[in-house]
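What follows is a short report on a single structure.
Only the coordinates and a few stated rules stand behind these numbers; no lab work does. The structure displayed is predicted, hence computed values, not measured ones. Neighbour counts are summed over all protein chains in view; Cβ atoms, including those assigned to glycine, are modelled from backbone coordinates with ideal geometry.
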C-alpha cells in the first residue's frame, strides 16, 4: 500500500484521467477527495470506489471552493499530503484567431489560474506539515505544440513553467511539485482536440503519430501520478513527465 495514511485531493476527479487517478490512489490506501463540478458523476464515483473516498463540489476557478476542499481534507482525514491539479479545459481544434476572448479566458482560468488558487489553499497546510506532493496535469501540447490548439498549448506551457518554479521555491519546505504531460486519451476531451466528431480515420491518423501505437489511458496517467505521490519519488521535484508512448521524441 504505497499511499497508506496519505490524503489526496484530485480535481476533475469524477471522470477521465482524474477518475483513474482517484481509483489508483484508493487502491494504494489513500484517503481521496474527488473535487469536481459534476455532482452526479462525482458522487457516483465516490460511491463506486467506496472506502475513504469522498466527493466535494469544487469549481477550480474559485478560491473559496479550493479552500473548502482543503478544509475537508484536514477536517475529515487530519492532513493533506497530495494535491493533484487535474481539472482541465480543452480547446476545440481551430485557427487561433477563431477563438473568442471568453473561451480564451476560461482556458486560462481552468488550466493556469487554478494552479495558483490551489497553491494558495494547500501550500500553507503542507508547509506546516513539513511535506507534500503537488502534481499538475500539463500536456504534450506544452512540449510539442501544433497548430489548431494555440491557446491550449500556451496554457499547458504555463503549467509546466509554474511546476518548475514552484518546485524550486517549495523545495526547502520538502514540498515536491511535478507535472504529468499526457498525450491524448479516450476521455471526454478527445473530441474537442480533434475538432468535433471523431472518425475512425481521425483516430488512426493521430495514433500513427504515437510510436507505441495507442492513445493514453486513465490507468497510464494514474500509475505515473502514483509514482509522484508516493515516497518512491521523495527526491524528485520539478519534473514534467511525458506519458505519451513516445510522441514527444
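Taking 0.36 nm per residue of sequence separation and subtracting the Cα-Cα distance, how much length would be gained by fully extending the chain between residue 101 and residue 2, in nm to one decimal? List each step's numbers first, then the result.
Details: separation 99, 0.36 × 99 = 35.64 nm, distance 4.36 nm.
Between residue 101 and residue 2, full extension yields 31.3 nm more.
For the pair residue 39 and residue 168, the difference between a 0.36 nm per residue extended length and the Cα-Cα distance amounts to 42.9 nm.
Return the tail of the calculated pair distribution for the stretch 26-108, meaning the percent of Cα-Cα pairs more than 20 Å apart. Percent of Cα pairs beyond 20 Å in the stretch 26-108: 43.
Per residue of the chain, what 222 nm ellipticity follows from adding -39500 (n - 2.57) for every DSSP H run with n ≥ 4, rounded to the nearest 500?
Values: 10 runs with 111 residues, N = 249.
Helix-only estimate at 222 nm: -13500 deg cm²/dmol.
A simple spin-label model places pseudo-atoms 7 Å from Cα toward Cβ; at residue 232 and residue 67 they are separated by 3.8 nm. Helix 39-49 and the long axis of the chain differ in direction by around 60°, with both axes built from C-alpha atoms. Axis angle, to the nearest 10 degrees, between helix 114-129 and the longest C-alpha principal axis of the chain: 30 degrees. Were the residues from residue 120 through residue 52 laid out at 0.36 nm apart, the gain over their Cα-Cα distance would be 22.0 nm.
Hey, what angle do you get for helix 63-77 against the long axis of the chain, alpha-carbon based, 0 to 90 degrees rounded to 10? Long axis of 63-77 versus the principal axis of the chain: about 50 degrees.
Shape summary of the chain, radius of gyration then Dmax from alpha carbon positions: 17.1, 52 Å. Using 1/(1 + (r/R0)^6) with R0 = 35 angstrom and r between the beta carbons of residue 205 and residue 128, what's the FRET efficiency to the nearest 0.05? According to the calculation, E is roughly 0.10.
For the chain, what is the relative contact order in percent, using Cα pairs closer than 8 Å and at least 6 residues apart in sequence?
Details: 516 pairs, mean separation 52.9, N = 249.
Taking the mean separation of contacting Cα pairs over the length of the chain, I get 21 percent.
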